[in-house]
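The values are calculated or read from the model by the stated rules, or taken from the named source; none is laboratory data. Everything numeric in this text was worked out from a predicted model, so none of it was measured. Quick reminder, even Gly has a Cβ in these numbers, built from the backbone with ideal geometry, and neighbours come from all protein chains shown. The protein model used for the area step is the full one, side chains on, heavy atoms only, and it has no ligands, DNA or RNA in it. Shrake-Rupley method; radii C 1.70, N 1.55, O 1.52, S 1.80 Å.
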Amino acid sequence: MEDFILSNGVRMPKIGYGTYLVEDDAGVSVVKAALDAGYRHIDTAAFYGNEEQVGQALAASGLPRGELFVTTKVWRDALGYDRTMRSFEASMQRLGLEQLDLLLLHWPTREPGDPESPALCLESWRACIELYHAGRVRAIGVSNFLPHHLLPLLETEVSPMVNQIEFHPGYTQQATVDFCQAHNIQMAAWSPLGRARMLADPLLTELAGRYGKTPAQICIRFALECGICPLPKSSSPERMRQNLEVFDFALSPADFWRIASLPPVGWSGLHPDRPRAAL
Ligand code: A2P
């Protein structure tokens, strides 16, 4: 597996395994299957409620800690310095880890429109910086932050190293990607398959046939060619493996731009500044 190199020199495997909705009971075996399939970058979050299962799977794998890259996130209800610190410690307990590879603030707002969120977010970011300086985490970043949420953080002594957003063909959030890439913030993509909605898209199906790949592999390759780290989810060992087999082909420039120019297909409906009901 190749790596992206973050702004502080830390290496992050180019594809991660997304664990959102990995079921409680089956969690350990599903994450174990992902590790068996070859994933070394595992993305979880306090909100997912599966950090304990992820931790157990990591321990059971017997893989050396140095080969693993583990991300977790501070949920939006834990914005603020003290809450962020407590959230981090609780996550580490559940994961059973001494040091985390990447800590992200999950959302920039407690609720869309909350006037206190910008100040709380900055407090949370100061907690992240402290944990980083103390060596508890190897890298820090954010998730679902748009450029205007990032600007205040860029004024602090440590800029976010990663921003993880929803990204897939038909929803590429170009303004945020361009802004982050200009500021040397590594992008990561949640739902790189558009929660499977993109897999029946006529262009992606056509390209899949032409490249001898699946539409999912086309989506994952597209994210990589945008310089973005895809975090696909799958519960099936066969599809987990398939989603890693994307380093043996490249999209032609014309096909890359065809995908990049797809008409907007929309998103999952989650946005830091918009209530769900307003969609
Ligand atoms: P499954 O768990 O049955 O594999 P995203 O990561 O964009 O949120 O998409 C996750 C969805 O895509 C899940 O429903 C998952 O179903 C499905 N999926 C993941 N990988 C593949 C694949 N290679 N082919 C088809 N569906 C896939």
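Available extension along the chain between A134 and R195 is 18.3 nm, counting 0.36 nm per residue and deducting the alpha carbon span. Each of L122 and R210 was given a label point 7 Å from its Cα along the Cα-to-Cβ line. The distance between the two points is 5.0 nm. By definition, a body whose alpha carbon gyration tensor gives a ≥ b ≥ c is oblate when a/c is 1.5 or more and a/b is not larger than b/c, and the chain fits this oblate description.
Gap in Å between the Cα centre of the stretch 112-163 and the Cα centre of the stretch 9-24? Going from one Cα centre to the other spans 20 Å. Near C219, once Lys and Arg are set to +1 and Asp and Glu to -1 for all other residues with Cβ below 14 Å from its Cβ, the sum equals +1. Each label point was placed 7 Å from the Cα along the Cα-to-Cβ direction; for L151 and D24 their separation is 4.3 nm. Shape call for the stretch 189-228 from the C-alpha gyration tensor, a ≥ b ≥ c root eigenvalues: rounded (a/c under 1.5), prolate (a/b greater than b/c) or oblate? Note, shape of the stretch 189-228 comes out oblate.
Along the axis of the charge dipole computed for the chain (Cβ charges of +1 for Lys and Arg, -1 for Asp and Glu, origin at the Cα centre), the listed residues L79, A119, I185 are led at the positive end by I185. Per residue, the chain exposes 43 Å² of accessible surface when a 1.4 Å probe is rolled over the protein heavy atoms with every protein chain present. The chymotrypsin sites (Phe, Trp or Tyr not before Pro) of the stretch 186-279 meeting both criteria, a DSSP state outside H, G, I, E and B (loop) and at most 15 other C-beta atoms within 10 angstrom of the site's C-beta, are F247, F249. Using Cβ point charges alone (K and R +1, D and E -1), the dipole size of the chain about the Cα centre works out to roughly 380 debye.
Answer rounded, prolate or oblate for the stretch 1-98, using the Cα gyration tensor with square roots of eigenvalues a ≥ b ≥ c: rounded when a/c is under 1.5, else prolate when a/b is larger than b/c, else oblate. Oblate, because a/c is 1.5 or more while a/b does not exceed b/c. Its Cα gyration tensor gives the stretch 215-279 an equivalent ellipsoid. The semi-axes, each the square root of 5 times an eigenvalue, are 25, 18, 10 Å from largest down.
Between the beta carbons of E225 and I5, assuming R0 = 22 Å, the FRET efficiency works out to 0.85 to the nearest 0.05.
Report the chymotrypsin sites (Phe, Trp or Tyr not before Pro) located in the stretch 1-36 that are in a DSSP loop and have at most 13 other Cβ atoms inside 10 Å of their Cβ, or state none. Don't skip to the end; give the middle numbers.
Details: sites: F4, Y17, Y20; in loops: Y20.
Counting only loop positions with at most 13 other Cβ atoms within 10 Å, none of the chymotrypsin sites (Phe, Trp or Tyr not before Pro) in the stretch 1-36 qualifies.
Counted as membrane-span-like here are DSSP H helices of the chain whose alpha-carbon atoms extend 18 Å or more along the helix's own axis and whose Kyte-Doolittle mean is 0.0 or above; these are 117-133. Calculated mean residue ellipticity, 222 nm, the chain: -11500 deg cm²/dmol, from DSSP H runs (n ≥ 4) at -39500 (n - 2.57) each, averaged per residue and rounded to 500.
Applying a DSSP loop filter and a limit of 14 other Cβ atoms within 10 Å to the GluC sites (Glu not before Pro) in the stretch 1-79 leaves E2, E23.
Using a 1.4 angstrom probe on heavy atoms only, work out the carbon and sulfur share of the accessible area of the stretch 3-260 in %.
Within the stretch 3-260, the accessible surface is 52 percent carbon and sulfur.
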